[in-house]
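A.B. asks: First the structure, then my questions, so here it is.
Bear in mind these aren't lab numbers, they're just calculated from the coordinates by the rules spelled out. Everything numeric here is computed off the predicted structure, so don't read it as measured data. Quick reminder, even Gly has a Cβ in these numbers, built from the backbone with ideal geometry, and neighbours come from all protein chains shown.
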Amino acid sequence: MLGGKEIDVRPMNYIDDLNIYYILENKVPKKVNSIEWAQWHAKIENRIVKKTMIQGVEVSTVFLGIDHSLSFKEDEAPILFETMIFGGEHSGYQERYSTWDESVIGHQRACEMVVS
């Protein structure tokens, strides 16, 4: 107790209960604990799906590794990939996906936006 309030003294691994951490195995997301995720995620090359420069504009698609759906529901697909555009008329554009294949298609779509 501190100041009359109960203090949460669970170990830090309680965040693993959220089931939000993923790594890629052969382009397929796999649930892992926070320690495995941190070790895998530390290597930036693990996270890059595709990067394209077009007329000074960068289109970047990455594996986020943390479920950004924020629904925490087992029956919903996690949101794990993201495409963003940096620079140009569409700077700040963002789209997110659940699968590697969706992210590759989304990357191409973003590249087409830049050149149109």
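A.B. asks: Taking the mean number of other Cβ atoms within 10 Å as a proxy for protection, how do you rank 25-32, 102-109 from highest to lowest?
C.D. replies: 102-109, 25-32
A.B. asks: Measure off 7 Å from each Cα along the Cα-to-Cβ vector at HIS90 and VAL115, then give the distance between these two points in nanometres to one decimal.
C.D. replies: 1.1 nm
A.B. asks: What is the spin-label model distance, in nm, from GLU25 to GLU58 if the labels are put 7 Å beyond Cα along the C-beta direction?
C.D. replies: About 3.1 nm separates the two model spin labels.
A.B. asks: 7 Å from Cα along Cα→Cβ at both LYS51 and GLU76: what's the point-to-point distance in nm?
C.D. replies: Spacing of the two 7 Å Cα→Cβ label points: 3.2 nm.
A.B. asks: What are the radius of gyration and Dmax of the range 12-115, computed over its Cα atoms and given in Å?
C.D. replies: 14.6, 46
A.B. asks: How high is the relative contact order of the range 19-72, in percent, counting Cα pairs under 8 Å that sit 6 or more residues apart?
C.D. replies: 33 percent
A.B. asks: As I understand it, the dipole of the range 12-115 uses +1 on the Cβ of Lys and Arg and -1 on the Cβ of Asp and Glu, about the Cα centre. Which of THR52, HIS90, SER69 lies farthest toward its positive end?
C.D. replies: My answer, from the dipole projection, is THR52.
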